[in-house]
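The values are calculated or read from the model by the stated rules, or taken from the named source; none is laboratory data. All values reported here derive from a predicted model rather than from experimental measurement. With ideal geometry, Cβ positions are generated from the backbone for all residues, glycine too; neighbour counts draw on all protein chains shown.
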Amino acid sequence: MSYLKIQTVSDKKRFSLAIMLRMTEGVRRRLLSGQAIFLFLVCLLSVSPVLAEPAAQTEILSLTVQKNSTLDDLIVASGYGIDDENLETFLSEFMNLNPDIAYLSSLAQGTVVKIPVVHLKKINRDQPVIVGNNLPDGNPVAAESGAPPDLPTGNATAAEQAEKLEMGRFSNMDTAKAFLLKLIESGYTGGIEQQKNSNGQEEYKVYVLLSSAPGAEAGSESLTWSLLGQKGKSIHAAVTLTGIFTDNAFNTKENRKSDFSLLLTPEVWLNLPRTDKAADYENLSPRSTGGHVLDSLPGERLFGYQVSLYYRTDLPLIASKTSPYGSTATHKVAAGLALIGNRFSLNVSDQFEKAYQEREAGQVIRTDTRERYDANRFSAGVAYDTRNRFIFSLDYVNFITGYRSEIGEGLDRHDYGFTPTLRYRLTSKINLLAEYTYSVVSYDSNSSLDSKEQYFLGGLEWRLTEKSFGRVKAGYEVKDFIHGERYSGYSFELQLEQRLTPKTQFALAAYRKTNEMRVAGTAFTITTGARLSLSHMLTSKITTAFLLSYQNDRHKGTSLLSLSETAVNDDIYQAGVEVQYAFRRWLRARAEYFFTIKESSDPAFDYRSNTLLLGLTGAF
């Protein structure tokens, strides 16, 4: 199966201008293709006049940080503010002027900062302002030349009226800083206080400032956005209109049919406590035991608890019988709860999908037949930190799949499994892990395919910095069928995300595992795959991404008596390029192109396809 799964809302590619300048998280696609490279060159040429325009004369304000601060603090203390319309232009110019500054939320004392004030605006001096991190009592900057910039009138009053709310205490400064950065990313102002606990040991208290100052009077200027984001909202929404063209709707070698579909995709999500970013609910994979191809990387938690709700639907406005995206709306509903304590943590989530699987070459029965399915995945996990290097965790997954077409007849199934894991903390940033997974796969009407799977894996996981984190694990897998036949072999998984520069992000995933049968007459599939994405911010408004992927499917066993035989061997290559353009923070356009080749030992499964997507997203 190809990994091209259309995301009509870029829920995995949120364009973030927060603390560490996370850029687009690229969709994982694949391959080196002459056609894909050619299209990318055309895209670059089309925007080259924009890139080649001479830079406008910019008024530069050079400041020296006198006390650890954030960029927000420097701007406010200088008597300036920034609005929604100029934010991205300012950030692009700022990064060009200050290439050595990677963290907007942590500017060290003595740092020389160049601020392009031409993109800022003067704020009302009577507007109450709190000058942020650790700085309620003084001016964080002094100009290199001329008189020091004045603080806005009312700053002291606002600071006095601000209430300090403690968010956590930590034994080392690095952990405290990392937590504070997450709070600032969510839009809060805060700081760190060093103190001694009851045992006489140093500890670091993280707090946020809650202002009780009266609001600005009617008619006064206000800043619509801060550099680190608007204060978090509980409820968010977005709407995307996507046009999709493909020259091979059935993924066939012969009788290729082109198709155009137009989809309207509204989505809404709720987060408690308030954060702007939607919880990441990966699309379900019906072929994979447990519903996911890869284990999820641990998400970042800002508070001791987190609740999330998410809903999305794809509504086909234009869809023919040949449409690869169906003529009936698809739906995704998800909910999650996370509780994090000093030693114990709990994660619970449930996700339901009504969707379509991509058509497989040689499997089309009628032109209007689609492999529609309903799937639900419930997961729960608990972890215990001994505070003595060892961390124990236990995860449970329950996955149900029901097909709604002739193609999927007999493939309805129910999976459940347990995964106990032991982690050993080498350092505060690196863990060794040993993992065992036991899963049961039960088909509703085809008991000959029932099986039990076991994985014995060991590996390493790390978060060296906020720019580098990942996991690698490898080991042995056993799949026992109910009638006594067995497959055994090696298995591995690698996930890596790395921000190379504030404008460039790299992601890599690779794996080998078993999947459930896809080709009629076979027992199961051994899948080996790799996905690579590289995204880069060309300007404050233009972001590009390169997407490469490879997948090998070895469909095993013409019967349960010949599991060692490979009935069909498929290689799938895919390459893609994406260009995003931001008209405003809330309005974005994107163009994506994918070229896919499938080469199979059975010529009936060969195909090539070209897919073009054009989308417009408005967020609220």
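Within segment 498-544, the set of residues being of a type outside the set (A, V, I, L, M, F, W, C) and farther than 26 Å from LEU284 by Cβ comprises GLN498, ARG499, THR501, PRO502, LYS503, THR504, HIS536, THR539, SER540, LYS541, THR543, THR544. Examine segment 148-171 for a residue that is modelled with pLDDT of 75 or more and assigned to a helix (DSSP H, G or I), and state whether such a residue exists. Looking through segment 148-171, none of the residues is modelled with pLDDT of 75 or more and assigned to a helix (DSSP H, G or I). Between a first residue in segment 227-243 that is under 10 Å from TRP269 (Cβ atoms) and crowded, with 19+ Cβ neighbours inside 10 Å and a second residue that is modelled with pLDDT under 50 and among the aliphatic types (A, V, I, L, M), which pairs have beta carbons less than 8 Å apart while being 6 or more apart in sequence or on different chains? Between residues of segment 227-243 that are under 10 Å from TRP269 (Cβ atoms) and crowded, with 19+ Cβ neighbours inside 10 Å and residues that are modelled with pLDDT under 50 and among the aliphatic types (A, V, I, L, M), the close pairs are ALA238/VAL9. In a residue-by-residue description of segment 500-512, the property of being part of a loop (DSSP other than H, G, I, E, B), farther than 30 Å from ILE244 by Cβ and in contact (Cβ under 8 Å) with a residue 24 or more places away in the chain applies to at least one position.
Just one of ASN552, ASN515 is within 24 Å of ASP415 (Cα to Cα), in contact with an Asp or Glu (Cβ under 7 Å, 6 or more places away or on another chain), surrounded by fewer than 19 Cβ atoms within 10 Å (Cβ to Cβ) and assigned by TED's automatic domain parsing to the domain that holds TYR487; which is it?
Checking each option against the conditions leaves just ASN552.
Kindly establish whether GLU453 is touching a residue at least 60 places away in the same chain (Cβ under 8 Å), assigned by TED's automatic domain parsing to the domain that holds THR386, assigned to a strand (DSSP E or B) and touching a Gly at 6+ places or on another chain (Cβ under 8 Å). Criteria met by GLU453.
Taking the listed residues TYR373, TYR396, the one that is within 29 Å of the chain's Cα centre (by Cα), in a strand (DSSP E or B) and at pLDDT below 90 is TYR373, with no other qualifying.
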